[in-house]
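The structure appears right after this line, and notes come after that.
The values are calculated or read from the model by the stated rules, or taken from the named source; none is laboratory data. Bear in mind that the values here come from a model prediction, so they are computed numbers and not experimental data. Here the Cβ positions follow ideal geometry from the backbone for every residue, glycine too, while neighbour counts run over all protein chains shown.
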Amino acid sequence: MRKYGLVGKKLSYSYSKIIHTFLIEYYNLSAVYDLIEVDFIDSKLLAQYDGLNITIPYKADVIPFLQKNLSPIAAVNTILKNGDELIGYNTDIIGFSYLVEKLAITDIKKIVILGSGASSKMVAHFFADAEIIVISRNHPQYNYEYLQTITADLLINTTPVGMDAYDSPIPSELLTHYRGIIDINYNPLNSKLGMDAKKQNIPYINGLYMLIIQAVRAFEIWFELSVDPSVVEEIYYHICFLTHPKIALIGMPMSGKTTAITAFFGCDLDDQIIKRSGEKIADMLDRGTFRRAESRTLQALVNEGHKLIALGGGAILNFENLEIIKDYLIIFLNTPLEVLQKRIQTDTRPLLKKKGDLEKLYEKRIPLYKQYANITIETNELEAKLNEYFNN
């Protein structure tokens, strides 16, 4: 059986084993993948494995042990053992390029990178033709105080800030200095940096796709095969579900959120508001007290530990609600407009009284649902996904 693994100092946060175990099982290969925590790198360790991923703080330290280095920068994150020869690669670059493509910010001329480690060098290599400012805590000029004075097309966080606590490497009010934000961290999924960006409608993406793409490329190098792009999406969904014990559903009114959760003993937020307040939603809307009651009830459900909550269609209009469910996997239940148009014929919701109200609401809210959700699932797929999630 062939042996592979990830070498690093602290690996409890890592999803690499999840990804590679998925790929090994998907392609029915005789191999294992381990997490290898060490205090130093040596040739004896490297020789024990057919292939390795390398993470902080060893991406540069490993280079002297290689017989061949194909990385274009002074950082290696993948090693292939070919006979007695160790060959180094950097697959982070292709993973990062995927993030840039997915963020869809064009005409990038100036970037700001937070952090000066191996990942920072990789980002600088990728944007070699742009003006680059690297912010480092110890730099005499380009330190974090300097952020107050600059604007750029992209802000890219390569520091670990936000991984261990709900914290951000940059004050939220400075995020408006940028057209888009990339955070190469991926755990937690709803970080403070990400939430701050979404609150201000600034395009943002975290590093989970980068992690998956770089891992897939390493896997292709080790096993000399090509992974279909559809498998990347399968892995993304697999990680999201596997690493989040609690789910929050968002989506349009009448999208089927309440129906979907009934079989799994979930909580419907609107039903809970009525039950706990003893009032009708229409009456609370008339008095302007509904949104406060909504947040208060949602916080209570989270505090009580409910694992599946369906939010009302307008709950995302109050960003406080999204911060309340930041530890949940936020799923947008996507229902086609034509399906909603059929369902509205028998619905009596107060916000959908006039002809055309549904269409206007749909146009306004769909971009918000997509922006705030971690994943999107079509209505006809949700029950199967939840069944797999709760029964595995």
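Worth a mention:
- Residues (over 21 Å from Lys326 (Cα atoms) and among the β-branched types (Val, Ile, Thr)) located in the stretch 243-281: Thr259, Thr262, Ile274, Ile281
- Of Leu6, Leu35, Leu46, Leu52, all but one fail to be touching a helix residue (DSSP H, G or I) at 6+ places or on another chain (Cβ under 7 Å), farther than 19 Å from Ile212 by Cα and not in a loop (DSSP other than H, G, I, E, B); the exception is Leu46.
- When each of Lys68, Lys44, Lys81, Lys59 is tested for being charged (D, E, K, R), surrounded by 17 or more Cβ atoms within 10 Å (Cβ to Cβ) and farther than 22 Å from Thr159 by Cβ, the lone residue that passes is Lys81.
- Any hit, the stretch 23-31, residues being at pLDDT 95 or above, crowded, with 16+ Cβ neighbours inside 10 Å and part of a strand (DSSP E or B): yes
Residue-wise test of (1) among the β-branched types (Val, Ile, Thr); (2) at pLDDT below 95; (3) under 18 Å from the mean Cα position of the chain (by Cα).
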position: Val232; (1), (2), (3): yes, no, yes
position: Tyr236; (1), (2), (3): no, no, yes
position: His244; (1), (2), (3): no, yes, yes
position: Ile274; (1), (2), (3): yes, no, no
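- Residues being surrounded by 22 or more Cβ atoms within 10 Å (Cβ to Cβ) and over 13 Å from Leu103 (Cα atoms) - total across the stretch 179-193: 3
- Selection from the stretch 343-367 of residues that are crowded, with 17+ Cβ neighbours inside 10 Å, aliphatic (A, V, I, L, M) and at pLDDT 85 or above: Leu358, Leu361
- Selection count where residues are part of a loop (DSSP other than H, G, I, E, B) and either under 24 Å from Leu208 (Cβ atoms) or among the aromatic types (Phe, Trp, Tyr) (or both), scope the stretch 73-94: 6
- When Val62, Val123 are screened for being touching a Phe, Trp or Tyr at 6+ places or on another chain (Cβ under 9 Å) and among the hydrophobic types (A, V, I, L, M, F, W, C), only Val123 passes.
- Unique residue being in the same structural domain as Val216 (by TED's automatic domain parsing), hydroxyl-bearing (Ser, Thr, Tyr) and touching a residue at least 40 places away in the same chain (Cβ under 8 Å) when the list is Tyr33, Tyr13: Tyr13
- Wholly within the stretch 253-324, helices (runs of 4 or more DSSP H) carrying at least 2 residues that are buried (at least 20 other Cβ atoms within 10 Å of the Cβ): 257-262, 269-277, 290-303, 319-324
- So Leu11, is it modelled with pLDDT under 95 and surrounded by 12 or more Cβ atoms within 10 Å (Cβ to Cβ): yes
- Every pair of residues 6+ apart whose Cβ atoms lie under 6 Å, when the first sits in the stretch 380-392 and is in a helix (DSSP H, G or I) while the second is of a type in the set (Gly, Ala, Ser): Leu382/Ala260; Glu383/Ala260
- Gly115 vs. criteria closer than 26 Å to Tyr49 by Cα and either under 21 Å from the mean Cα position of the chain (by Cα) or small (Gly, Ala, Ser) (or both): no
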